[in-house]
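Just so it is clear, none of the values below were taken in a lab; they were calculated from the coordinates. Every value quoted in this text rests on a predicted model; they were computed, and no experiment measured them. Cβ atoms come from the backbone with ideal geometry, glycine included; neighbour counts cover every protein chain shown.
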């Protein structure tokens, strides 16, 4: 993530969660729950949540594990100190145990090979300077048969809903511009320019197996899954 993008996230960190909920009409909560379910190791274990931001996906993964009786630990890493500060306060307020956060670079993960059973990331692929490098790092820190789960947004190609979703993005850009024009201008531009199929291809080229993309309602969000 570039310094410019990191600075944009710092500028909107306090409003980030509530604006996500408002602009997605609450659907981002459901999208995270679905990603959290997919990221759960079958027999429990360790989960690395990369670019964890304010911690919502990390918390959703832990919540999913408690509901299904699976013992896990979640380590959230992010380059943005402001986001991590909010994540730590949120976990403390909720009394959520088994979740820790630390500074960390998605493109140079400070963990040994095969350290985790699952690697997750939410709404971050679009912001990585080198997705292929991230895929390689995610694969490296995963154990054999470990899973990568990446939740993100992109306009669907060849879909009848594309014009409507494109109009929705324009509305988000206008509304978000009242908070930070640069940050929400980047959000809209990054979603419009992102290709989930290209991201899936990069996962395959990194050596992942069983690469799949699941489109989430109403078509602007997706989950990429892959197995080491």
Within the stretch 38-73: backbone nitrogen closer than 19 Å to the residue 144 label point (7 Å, Cα to C-beta): 41-46
So if we plug the beta-carbon distance of residue 174 and residue 215 into 1/(1 + (r/R0)^6) with R0 = 25 Å, what FRET efficiency do we get, rounded to 0.05? 0.50
Cα-based Rg of the stretch 106-160 per 2.2 N^0.38 Å, rounded to two decimals? 1.28
Spin-label model distance (nm) - residue 201 vs residue 27, 7 Å beyond Cα toward Cβ: 2.6
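Nearest-5 percent of antiparallel DSSP beta bridges in the chain?
Numbers: 14 of 35 bridges.
If I count the DSSP bridges inside the chain, around 40 percent turn out antiparallel.
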Can you match mean projected area of the Cα convex hull in nm² to one of these, [x] 17.4; [y] 12.1; [z] 11.2, based on a calculation from the structure here? [z]
With label points set 7 Å from each Cα along the Cα-to-Cβ direction at residue 43 and residue 17, the distance between them in nm comes to 3.5
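Find the relative contact order for the chain and round it to a whole percent, using C-alpha pairs within less than 8 Å whose residues are 6+ positions apart. If you can, show how the numbers build up before the last one.
Numbers: 428 pairs, mean separation 43.8, N = 228.
In percent, rounded to a whole number, it is 19.
Calculate for the chain the 222 nm mean residue ellipticity that helices alone would give, adding -39,500 (n - 2.57) per DSSP H run of length 4 or more and normalising by residue count, nearest 500 deg cm²/dmol. Numbers along the way, then the final one.
Details: 8 runs with 109 residues, N = 228.
One gets -15500 deg cm²/dmol as the mean residue ellipticity at 222 nm.
Mind ranking 106-114, 68-76 by how tightly packed they are, going by the mean number of other C-beta atoms within 10 angstrom, highest first? It would help to have the intermediate numbers written out before the result.
Numbers: 106-114: 14.2, 68-76: 17.8.
By packing density, highest mean first, the sequence is 68-76, 106-114.
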